[in-house]
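J.: This is the structure I want to talk about, given as structure tokens.
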Amino acid sequence: MKKNTFVLILMLLIGLVAGTLVGQLLSPVPGLSFLTRSVELSWLPKADLLVIRYDLNLYIRLNLISLLGLAAGFWIYRKL
């Protein structure tokens, strides 16, 4: 079975979203605050090329559980 890049990106996104959802569900638990503390990353590329102008705002909130979900998505991809 040939693996392609689209399946890898899909599995990583699913793992990241699943990890983020689990992190949101566990955020009220005070003993797990080190797992659910988020760091926000932002990337704001923009350009004006006279013919076309774009402005893209990308914000990513990562916590330890979402990174574990990302790793789980990669692990599942490797097992396919």
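J.: Please go through region 29-54 and give me each residue that is under 21 Å from the mean Cα position of the chain (by Cα) and at pLDDT 90 or above, ordered by number.
T.: Listed by number, the residues that qualify are VAL39, GLU40, LEU41, SER42, TRP43, LEU44, PRO45.
J.: Quick check: anything in region 62-72 of a type outside the set (A, V, I, L, M) and loosely packed, with under 12 Cβ neighbours inside 10 Å?
T.: no
J.: Which one of LEU41, LEU12, LEU70, LEU50 is part of a helix (DSSP H, G or I), of a type outside the set (Phe, Trp, Tyr) and without any contact (Cβ under 8 Å) to a residue 60 or more places away in the chain?
T.: The match here is LEU70.
J.: What residue, among those in region 21-38 that are in a helix (DSSP H, G or I) and of a type in the set (Ser, Thr, Tyr), is surrounded by the fewest Cβ atoms within 10 Å (Cβ to Cβ)?
T.: SER33
The values are calculated or read from the model by the stated rules, or taken from the named source; none is laboratory data. Here the structure is a predicted model, which is why all the values come from computation and not from measurement. FYI the Cβ positions are ideal-geometry reconstructions off the backbone, even for glycines, and counts take in every protein chain you see.
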